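Worksheet: the structure to be examined is printed underneath.
The values are calculated or read from the model by the stated rules, or taken from the named source; none is laboratory data. Source: prediction; values computed, not measured. Heads up, the Cβs are rebuilt from the backbone with ideal geometry, glycines too, and the neighbour counts pull from every protein chain shown. Only protein heavy atoms, including side chains, enter the accessible area calculation; ligands, DNA and RNA are left aside. Shrake-Rupley method; radii C 1.70, N 1.55, O 1.52, S 1.80 Å.
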Amino acid sequence: MTNAVLSRVVRREMHSPRTALAVIVLVLAAAVAVYAFIEIVLQLLGSQPLLVAPSDAFAWLVDLPANESAAGIGAGAAIVAVIGLILLALAIAPGLRSKHQLGDAAHAVVVDNGVIASAIAERIRRELDLSKDGATVGIGHRSADVTVRPEPGQEIDSSQVRAIAEAELAGYGLVPAVRVRARVQPTAEQGGAR
């Protein structure tokens, strides 16, 4: 495979498509269009409307500024604007999956963030001689959050934890790169946060 093909495959694997959202919006738009069509046909046939006749709805819309307060109209417009902005943001922003690409090798390797977090936590536990639940790691798109709970009497510095995590991450060559934040929770005998 060429680099262009690998790049495309990796991008598709790491970004979530907006198919479900697009289908929901299109189904809602289609339902509104079908309802409007049915109301127009019922009015042309002289039958009773399902909910409201199109001529009554249009008259209500024309009389809206005179019948409603400016605050009510402004609130309605604000709600419609927020919904529009949310849909626009969802349409433009990439949907990111919880995965990272490993290294710049000739092969495309995409790994779930949970696997990376487990590997980092295991290395920290081994190097610092911690219990099984002594290190917790969470991996985001651009950051890794490491929390260490030392055993009573064990002295651990957050810079030491950060260095171990950064060394492990450096071996992976993650794309995009991940910044490490490390915290050491105090033991019961220390009583304070560090």
Zero-based 10 Å bins, Cα pair distances in the range 40-83, whole percents = 25, 34, 29, 12
L96 long-range amide H proximity, modeled H, under 5 Å = S16
Hey, in the GNM for the chain with a 10 angstrom Cα cutoff, which one of Q43, Q101, Q160 fluctuates hardest?
-> Q43
Would you please give the residues with an amide H less than 5 Å from that of A144, counting only those at least 5 places away or on a separate chain, with H modeled from the backbone geometry?
-> R179, V180, R181
What nm distance separates the two modelled labels at L85 and L64, each placed 7 Å from Cα along Cα→Cβ?
-> 1.9 nm
Which value in nm describes the separation of the simple spin-label points at S7 and A75, placed 7 Å from the Cα toward the beta carbon?
-> 5.1 nm
For S69, what accessible area in Å² do you get when you roll a 1.4 Å probe over the heavy atoms of the protein chains, rounding to the nearest 10?
-> 70 Å²
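Please compute the contact order of the chain in relative form: average sequence separation of alpha-carbon pairs under 8 Å and at least six residues apart, divided by the residue count, as a percent.
Values: 205 pairs, mean separation 34.6, N = 194.
Relative contact order for the chain comes out at 18 percent.
Skip the ligands, DNA and RNA, and give the accessible area per residue of the chain with a 1.4 Å probe, whole Å². Numbers along the way, then the final one.
On the way: 12760 Å² over 194 residues.
Heavy-atom accessible area per residue stands at 66 Å².
Using the Kyte-Doolittle scale, find the helices of the chain whose mean hydropathy is at least 1.6 and whose Cα atoms extend 30 Å or more along the helix's long axis, counting only whole DSSP H runs.
On the way: long enough: 19-45 (38 Å, 2.51); 70-92 (32 Å, 2.56).
The qualifying helices are 19-45, 70-92.
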Give me the accessible area of I79, 1.4 Å probe, in Å² rounded to the nearest 10.
-> 100 Å²
Pair-distance profile P(r), taking every C-alpha pair of the range 40-127, with 10 angstrom steps and integer % | 12, 17, 19, 15, 10, 14, 11, 2, 0
Using heavy-atom solvent-accessible surface (probe 1.4 Å) with all chains present, what is the largest-first order of V5, V137, V62?
-> V62, V5, V137
